[in-house]
1. Sort through Leu149, Leu158 and tell me the only one that's hydrophobic (A, V, I, L, M, F, W, C) and either touching a Phe, Trp or Tyr at 6+ places or on another chain (Cβ under 9 Å) or more than 24 Å from Gln23 (Cβ to Cβ) (or both).
2. Does Glu284 meet the test of being at pLDDT below 95 and under 26 Å from Thr84 (Cα atoms)?
3. How about segment 246-260: which of its residues are under 13 Å from Glu306 (Cα atoms) and part of a strand (DSSP E or B)?
4. When only residues in segment 274-321 that are over 30 Å from Ile126 (Cβ atoms) and among the charged types (D, E, K, R) count, which is nearest to the chain's Cα centre (by Cα)?
5. Would you check if there is a residue in segment 206-220 being in a helix (DSSP H, G or I), modelled with pLDDT under 95 and out of contact with any strand residue (DSSP E or B) (no Cβ under 7 Å at 6 or more places or on another chain)?
6. Here is a check on your reading of the model: is Thr178 touching a strand residue (DSSP E or B) at 6+ places or on another chain (Cβ under 8 Å), within 27 Å of Lys25 (Cβ to Cβ) and either without any contact (Cβ under 8 Å) to a residue 24 or more places away in the chain or buried (at least 16 other Cβ atoms within 10 Å of the Cβ) (or both)?
7. Could you list, in sequence order, all residues of segment 261-285 that are part of a strand (DSSP E or B), within 19 Å of Pro54 (Cα to Cα) and not hydrophobic (A, V, I, L, M, F, W, C)?
8. What number of residues within segment 221-245 satisfy the criterion of being of a type in the set (Phe, Trp, Tyr) and part of a strand (DSSP E or B)?
Amino acid sequence: MKRDTLKSLTWDEENSQLVLIDQRKLPHKLEYFICDNYEDVAFAIEDMVVRGAPAIGISAAYGMALAEIGGEDIEKAYNRLKNTRPTAVNLFWALDRCMRAYRDRRSILSEAKLIHREDMEACRRIGEIGESIIEDGDTVLTHCNAGALATSAYGTALGVIRFAHYRGKSINVVVDETRPRLQGAKLTSFELKYEGIPVKIITDSTAGFLMSRGMIDKVIVGADRILKDYTVFNKIGTYSLAVLAKYHNIPFYVAAPTSTFDFKSSIEDVTIEERDEREVLYIEGKRIAPEGVGAYNYGFDITPFELITGIITERGIIYNENDNRGNSF
């Protein structure tokens with residue numbers, strides 16, 4: 001089986017296994033994590049072997065398929081996988097689709113494959129549609145990793161950047177390191193270097209300074225959940241960037257497939273994941289804070305639509321009519 005370095009996950013048909021790039025090891029090692037059953041998938045999601053809302057959803061779907069193949073309790077697998085991460089809506093959306101397939105006596109594996117193919121097409125379309133907002137010569141700031149490693153292919157925010165590059169636009173990318181797991185420094189820079197797109201890494205606290213010096217033209221980020229009023233839940237630090245971009249009159253875009261939209265929930269319904277404080281207190285196993293000092297480690301924050309220029313989806317761009325930044329109107 002050919003394993004492309006920019007495919008976060010593949011389904012091994014011959015061995016009935018889900019094969020994940022172990023993103024904990026990047027960028028220094030390209031290793032694979034093999035899932036033989038749904039418990040393996042649950043661990044992979046919880047421990048961030050696989051991460052990114054679309055990739056989590058697809059992986060969970062294949063986890064359900066593994067339960068089906070193994071003759072295991074489908075309801076038990078559904079509940080186990082549902083409780084792996086609380087914020088990204090693609091997880092629940094994909095699991096519910098698989099459960100409907102099961103109850104309709106359809107193949108869960110076929111449904112998982114369909115979800116996988118649909119995400120690939122959605123990411124391609126997001127890139128094709130979104131690249132129009134990037135001008136030749138732009139420097140684009142992005143946060144965390146919303147690339148191929150977070151999806152089935154191309155990525156969302158990075159999909160937009162990729163397609164601008166594919167179409168010959170000269171662009172530069174600045175990426176926040178994204179503490180505490182450093183997905184920007186480790187993963188986004190890895191993808192952009194692979195594509196030959198110029199990239200520089202900054203500490204999370206540097207963005208405002210660069211904006212004040214006119215060194216950022218656009219901000220593009222991904223999303224883990226978008227509500228019906230277009231409130232965006234995304235990696236912690238997104239809200240801060242949106243506030244800074246608004247102050248400095250820099251267009252701020254979110255890129256996400258429609259599977260990331262949650263039209264049922266209100267803000268109060270959404271659980272903001274608070275992860276183990278050790279992710280903040282330690283770097284690569286070495287404690288950086290004094291003993292006895294704790295940490296807040298929220299995984300996500302909330303950005304209101306009033307701070308967003310537009311949301312790029314596979315069906316088009318949802319513009320904020322009250323936002324007059326940039327040349328989008």
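1. Working: Leu158 fails: either touching a Phe, Trp or Tyr at 6+ places or on another chain (Cβ under 9 Å) or more than 24 Å from Gln23 (Cβ to Cβ) (or both).
Of Leu149, Leu158, the one residue that is hydrophobic (A, V, I, L, M, F, W, C) and either touching a Phe, Trp or Tyr at 6+ places or on another chain (Cβ under 9 Å) or more than 24 Å from Gln23 (Cβ to Cβ) (or both) is Leu149.
2. Details: at pLDDT below 95: yes; under 26 Å from Thr84 (Cα atoms): yes.
Here the answer is yes, as Glu284 does meet what is asked.
3. Hits for segment 246-260 are Phe252, Tyr253, Val254.
4. Filtering segment 274-321 for residues over 30 Å from Ile126 (Cβ atoms) gives 276-278, 280-296.
Filter once more, keeping what is among the charged types (D, E, K, R): 276-278, 284, 286-287, 291.
On the way: Asp276: 20, Glu277: 21, Arg278: 22, Glu284: 23, Lys286: 27, Arg287: 28, Glu291: 33 Å.
It comes out as Asp276.
5. Step one: list which residues in segment 206-220 are in a helix (DSSP H, G or I), which gives 206-212.
Cutting the leftovers down to modelled with pLDDT under 95 gives us none.
No: segment 206-220 contains no residue that is in a helix (DSSP H, G or I), modelled with pLDDT under 95 and out of contact with any strand residue (DSSP E or B) (no Cβ under 7 Å at 6 or more places or on another chain).
6. On the way: touching a strand residue (DSSP E or B) at 6+ places or on another chain (Cβ under 8 Å): yes; within 27 Å of Lys25 (Cβ to Cβ): yes; either without any contact (Cβ under 8 Å) to a residue 24 or more places away in the chain or buried (at least 16 other Cβ atoms within 10 Å of the Cβ) (or both): yes.
So Thr178 passes the test.
7. Filtering segment 261-285 down to residues part of a strand (DSSP E or B) leaves 261-262, 274, 282-283.
After this cut, where a residue has to be within 19 Å of Pro54 (Cα to Cα) as well, the list is 261-262.
The answer is Asp262, and nothing else.
8. Keep residues of segment 221-245 that are of a type in the set (Phe, Trp, Tyr), which gives 230, 233, 239.
Add one more test, that the residue is part of a strand (DSSP E or B), and what stays is 233.
Adding up the residues that qualify gives 1.
The values are calculated or read from the model by the stated rules, or taken from the named source; none is laboratory data. In this text, all values refer to a predicted model and were calculated from it rather than measured experimentally. In this analysis, Cβ positions are derived from the backbone assuming ideal geometry, glycine residues included, and neighbour counts consider all displayed protein chains.
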